Amino acid sequence: MANIIPFSFRGELFTGTHNFASGGDSFKLALYTAQPYTTSSTVYSASSEVSASGTNYTTTGKALTGNAVAYGTAVASCDFDPAVWTTATFTAAYGAIYNDTQGDKLCVALDFSGNKTATNGTFTVTFPSPSTPADAIISMA
């Protein structure tokens with residue numbers, strides 16, 4: 001399976017719903033053991049979310065920081081700082097970035113290409129560099 005861009009997100013970009021710029025909206029990354037999203041999904045879901053019980057994971061995920069927007073002649077993209085959970089004990093196979101400011105609107109569902117595990121260690125989700133916009137976590141050409 002691949003990353004999922006919900007149909008609703010595309011329309012929301014053109015209506016100005018999401019502000020990815022520094023100082024704009026707040027975004028979160030939630031982690032999942034199974035993919036709860038499809039292209040028709042519209043908002044954050046707690047279904048299949050990583051357990052918060054004794055794992056150092058908080059339900060609804062982690063606030064993303066370092067929002068940045070880059071754009072050039074043909075492509076616009078956004079970026080975030082890595083999301084880091086320390087002293088973590090959990091497995092996640094999927095993630096979802098959603099707009100916490102705008103009613104938990106789903107932006108992208110991520111496929112980690114299999115289970116990723118931390119056992120009393122650090123679990124880090126690093127986003128691709130937007131210096132090559134086509135590789136960014138969210139980009140539009």
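Things worth noting here:
- Cβ separations smaller than 7 Å between residues 6+ apart or across chains give the following pairs from segment 23-40 residues that are farther than 16 Å from THR91 by Cβ to residues that are open to solvent by 40 Å² or more (accessible area, probe 1.4 Å) and assigned to a loop (DSSP other than H, G, I, E, B): ASP25/ASN19; ASP25/THR101; ASP25/GLN102; SER26/ASP100; SER26/THR101; PHE27/ASP100; LYS28/THR60; LYS28/ASP100.
- Taken over segment 81-114, the criterion of being among the polar types (S, T, N, Q) and touching a residue at least 60 places away in the same chain (Cβ under 8 Å) is satisfied by ASN99, THR101, GLN102.
- Pair list, Cβ < 6 Å and 6+ apart or interchain, from segment 1-21 residues that are of a type in the set (Lys, Arg) to residues that are at pLDDT 95 or above: none
- If you go through segment 4-20 and keep only what is part of a loop (DSSP other than H, G, I, E, B) and either among the β-branched types (Val, Ile, Thr) or open to solvent by less than 40 Å² (accessible area, probe 1.4 Å) (or both), you end up with ILE5, PRO6, THR15, THR17, HIS18, PHE20.
- Residue in segment 92-112 that is among the polar types (S, T, N, Q) and either modelled with pLDDT under 95 or more than 22 Å from SER8 (Cα to Cα) (or both) present: no
- Of all residues in segment 25-50, those satisfying the criterion of being out of contact with any Lys or Arg (no Cβ under 9 Å at 6 or more places or on another chain) and either modelled with pLDDT under 95 or of a type in the set (A, V, I, L, M, F, W, C) (or both) are PHE27, ALA34, ALA46, VAL50.
- Within segment 22-141, strands (runs of 3 or more DSSP E) holding 2 or more residues that are open to solvent by 60 Å² or more (accessible area, probe 1.4 Å): 68-71, 83-99, 105-125
- Between TYR44, TYR37, TYR98, TYR71, the distinction of being aromatic (Phe, Trp, Tyr), in contact with a strand residue (DSSP E or B) (Cβ under 6 Å, 6 or more places away or on another chain) and closer than 20 Å to SER129 by Cα belongs to TYR98 only.
- Any hit, segment 18-31, residues being aromatic (Phe, Trp, Tyr), closer than 20 Å to ASP135 by Cα and in contact with a Leu (Cβ under 6 Å, 6 or more places away or on another chain): yes
- Applying the condition of being at pLDDT 95 or above and on the phi > 0 side of the Ramachandran plot to segment 57-89 and asking which residue is nearest to the chain's Cα centre (by Cα) yields GLY61.
The values are calculated or read from the model by the stated rules, or taken from the named source; none is laboratory data. Since the model is a prediction, treat every value here as computed from it, not as a measurement. Reconstructed Cβ throughout: ideal geometry from the backbone, glycine too, with neighbour counts over all protein chains shown. For the accessible areas, the whole protein counts, side chains as well, though only heavy atoms, and no ligand, DNA or RNA atoms are used. Shrake-Rupley method; radii C 1.70, N 1.55, O 1.52, S 1.80 Å.
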